[in-house]
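A short worksheet on the structure shown next.
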Amino acid sequence: MFFLRYLLLFLLVCCLVQPAEANQTRLQIQGLSGSAKDNVDMYLANFINGGVSSSLRSQARLEQETRAALRALGYYHPTIRFELQQQSRGSVLLMQVEQGPPTRYSQVTVDITGEAKQDPDFILLVQRLAPKVGDVVHHGRYEQLKNSLGNLALRKGYFDADFTRSTLAVSEGRQEAHLTIHFSSQVRYRFGDVRFTGSQIEEQRLASLVPFKAGDPYLASQLGQFNQDIANTNWFGSILIEADADLIASTENTVPLHVQLEPRARNSVETGIGFADVQGPRLKVNWTKPWLNDRGHSLTNRLALSEIEQSLESSYRLPLREVSRDFYQFQFGVKNFDNQDGDGQDYTFAAERHWLLKNEWYRTASIRWMYSEFTQAEQEDRSNLIMLGISFSRSRSQGGMMPSRGDRLFASVETSDRAWGSDNRFIRLRGRANYITSWGSNHRFVGRLDAGAILLEEATELPPSLRFFAGGDNSIRGYGYETVAPRDDEDRLLGGRYMLTSTAEYQYRVMGNWWLASFVDYGSSWSRDPDWKRGVGVGVRWASPIGPVRIDFAWGLDGEVEKGTSFQLHFSLGPEL
């Protein structure tokens, strides 16, 4: 009895230990390639990563999963063989697979009835996704076709659409299949009336934001545009658009909408900080009153402070009939500067008309008055200018505050003439292009090109704020802020008629939201002949919750190394575009 008890205990331990040893067997698959291999690997991922047992039961399960993976791709007659091999690193279960001949479609019927029968989007979808006779059966693409029909119906307002029949019949013996889809779209719903509640803005202005009319065919993208246009006004802290339950029961095949709004706080404050060797610390504060009255007027005040430059600017915005696209803006600004070889004050007042064009470009026409008192090198002067201008800009991005892709383009022309009371006659051109792209999830490229020119007048005849200076964290890193420009005989900065700078930057994700960057900057500001400057460096990027944080260690390759000015430290917070 004593011996029998220990014998049973020994057998129990052996039973417990054996699976642990069996789990050390590795699975190796041969005979497959391409999509067949990928699908089998996906079905058997747990076995490949965690080890297998060489038991007949385990082999049967492997064969079952492999057949299911191949069947999804149209291979119904695979041949599967197993062989257990002993290798130096342990045992290997070799699974040899021959996928066999494919099963092909001998008949394909995709029939759409209802109003969608003549809908170009449905016709194009069927042409693009429906298989042809002779194609290999693919269960995933069959499901994709069905899902795409259903999703398109929802996006375009065919809310009563349904499949009256959807079958994929396979004759394994004959190696052929019949696909049949009968899709009844019924009627397409249309937009109904729109009702607003909770708004502090007069309803006439809100109505101008609606991109459709009652009776127009329903389209989900227009509903998304409607939501975005409301958000772009900056008037509301909460926006909810849903079908109007009070009206939908009394309407037939229409979607009346209820827009529930909550006013945004009457005051909003945003801050930004930065640092550069020459400028020292920088502080920016934006105080916005997003709505002042029921007509949606708004006020924005911007304060920027640094050791060498202080500015205050106020902007008053008046939306027009189409509030998301057209508005007037009046600006008043004061700037005091004391930088390197120049100091002075600028006072500006501008009246602007803004349009958002249908091709996503912003167009701005302006008239700007600027009065300046300044000293630059040995020049001490004052200037009174009235400038007419027009500009175009466009900004696009994907991926949040640190976009994976994006671009920003800007071009402007300003002109002044003595005929309307200005002290000088000139044309000033500006252009800027920023570009961001990514490949994979760990690599980013940031490019920038910035240019400017003054025509019909020497730069020294204009106030310093209209001349061109290069250098600094948004220009040529490795050089002090606005220290790259023509100089006089005593090496004092004058400013240039022309300016061209460029940046090429590569970023690599180290971990999480942290990136390393390397960059090359190149450019100059000049009046006669350019003296090109090069800056190189490395940096750290952090995609913080409040925006990208950038720290750059930059060296100017053409700077005055003997004066210790070749190295610059730059710190900034804010968007890259």
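The values are calculated or read from the model by the stated rules, or taken from the named source; none is laboratory data. Just so it is clear, the model here is predicted, and its values are computed rather than measured. Neighbour counts run over all protein chains shown; Cβ positions are idealised from the backbone, glycine included. SASA here: full protein model, heavy atoms, side chains in, ligands and nucleic acids out. Shrake-Rupley method; radii C 1.70, N 1.55, O 1.52, S 1.80 Å.
Inspect all residues belonging to the stretch 198-205 and state whether any of them is among the hydrophobic types (A, V, I, L, M, F, W, C) and touching a helix residue (DSSP H, G or I) at 6+ places or on another chain (Cβ under 7 Å). Quick ask: steps written out before the conclusion?
Applying the first criterion (among the hydrophobic types (A, V, I, L, M, F, W, C)) to the stretch 198-205 yields 201.
Now drop any that are not touching a helix residue (DSSP H, G or I) at 6+ places or on another chain (Cβ under 7 Å), which leaves none.
No, the stretch 198-205 has no match at all.
Of everything in the stretch 309-353 that's open to solvent by less than 50 Å² (accessible area, probe 1.4 Å) and part of a loop (DSSP other than H, G, I, E, B), which residue is modelled with the highest pLDDT?
Filtering first and then ranking leaves Leu320.
Would you call Ala20 under 29 Å from Val137 (Cβ atoms) and either open to solvent by less than 70 Å² (accessible area, probe 1.4 Å) or modelled with pLDDT under 90 (or both)?
no
Might you let me know whether the stretch 268-278 holds any residue that is among the hydrophobic types (A, V, I, L, M, F, W, C), touching a Gly at 6+ places or on another chain (Cβ under 8 Å) and over 23 Å from Ala153 (Cα atoms)?
Within the stretch 268-278, one or more residues are among the hydrophobic types (A, V, I, L, M, F, W, C), touching a Gly at 6+ places or on another chain (Cβ under 8 Å) and over 23 Å from Ala153 (Cα atoms).
Does any residue of the stretch 243-254 turn out to be modelled with pLDDT of 90 or more and among the hydrophobic types (A, V, I, L, M, F, W, C)? Can you show your working first?
Step one: of the stretch 243-254, the residues modelled with pLDDT of 90 or more are 254.
Then drop every residue that is not among the hydrophobic types (A, V, I, L, M, F, W, C), which leaves none.
Scanning the stretch 243-254, I find no residue that is modelled with pLDDT of 90 or more and among the hydrophobic types (A, V, I, L, M, F, W, C), so the answer is no.
Which of the residues belonging to the stretch 559-575 are open to solvent by less than 30 Å² (accessible area, probe 1.4 Å), at pLDDT 75 or above and part of a loop (DSSP other than H, G, I, E, B)?
Within the stretch 559-575, Ser566, Gly574 meet the criteria.
Looking at the stretch 465-478, which of the residues that are modelled with pLDDT under 90 and at negative phi is nearest to the chain's Cα centre (by Cα)?
Selected residue: Asn474.
Kindly evaluate Gln144 against the criterion of being out of contact with any Ser or Thr (no Cβ under 8 Å at 6 or more places or on another chain), open to solvent by 50 Å² or more (accessible area, probe 1.4 Å) and farther than 22 Å from Asn39 by Cβ.
No; evaluated as a whole, the condition is false for this residue.
Restricted to the stretch 489-535, and to residues that are more than 24 Å from Leu449 (Cβ to Cβ) and assigned to a strand (DSSP E or B), which residue is modelled with the lowest pLDDT?
Among those that are more than 24 Å from Leu449 (Cβ to Cβ) and assigned to a strand (DSSP E or B), it is Met511.
Only one of Val549, Val538, Val520 is in contact with a Ser or Thr (Cβ under 9 Å, 6 or more places away or on another chain) and either hydroxyl-bearing (Ser, Thr, Tyr) or under 14 Å from Gly472 (Cα atoms) (or both); which? Give the derivation first.
On the way: Val549 fails: either hydroxyl-bearing (Ser, Thr, Tyr) or under 14 Å from Gly472 (Cα atoms) (or both); Val538 fails: either hydroxyl-bearing (Ser, Thr, Tyr) or under 14 Å from Gly472 (Cα atoms) (or both).
The match here is Val520.
Please return the ranges of strands (runs of 3 or more DSSP E) entirely within the stretch 46-146 where 3 or more residues are in contact (Cβ under 8 Å) with a residue 40 or more places away in the chain and under 41 Å from the mean Cα position of the chain (by Cα).
In the stretch 46-146, the matching strands (runs of 3 or more DSSP E) lie at 104-113.
Is there a residue being touching a helix residue (DSSP H, G or I) at 6+ places or on another chain (Cβ under 9 Å) and more than 25 Å from Gln175 (Cβ to Cβ) anywhere in the stretch 65-79?
no
Given the criterion in contact with a Phe, Trp or Tyr (Cβ under 7 Å, 6 or more places away or on another chain) and aliphatic (A, V, I, L, M), identify the matching residue among Ile386, Ile427, Ile390.
Going through Ile386, Ile427, Ile390 in turn, just one is in contact with a Phe, Trp or Tyr (Cβ under 7 Å, 6 or more places away or on another chain) and aliphatic (A, V, I, L, M): Ile386.
Test of understanding: among Ile476, Ile436, Ile427, which residue is free of Cβ contacts under 8 Å to residues at least 60 places away in the same chain and either out of contact with any helix residue (DSSP H, G or I) (no Cβ under 9 Å at 6 or more places or on another chain) or of a type outside the set (Asp, Glu) (or both)? Break it down into steps so the answer makes sense when it comes.
Working: Ile476 fails: free of Cβ contacts under 8 Å to residues at least 60 places away in the same chain; Ile436 fails: free of Cβ contacts under 8 Å to residues at least 60 places away in the same chain.
Criteria check complete, one pass: Ile427.
Is it true that some residue in the stretch 446-460 is surrounded by fewer than 16 Cβ atoms within 10 Å (Cβ to Cβ), outside any strand (DSSP E or B) and more than 34 Å from the chain's Cα centre (by Cα)?
Checked the stretch 446-460: at least one residue is surrounded by fewer than 16 Cβ atoms within 10 Å (Cβ to Cβ), outside any strand (DSSP E or B) and more than 34 Å from the chain's Cα centre (by Cα).
Check off (1) surrounded by 21 or more Cβ atoms within 10 Å (Cβ to Cβ); (2) out of contact with any Gly (no Cβ under 9 Å at 6 or more places or on another chain) for Gly512 and give me the number that stays unchecked.
Status for Gly512: all satisfied but (1).
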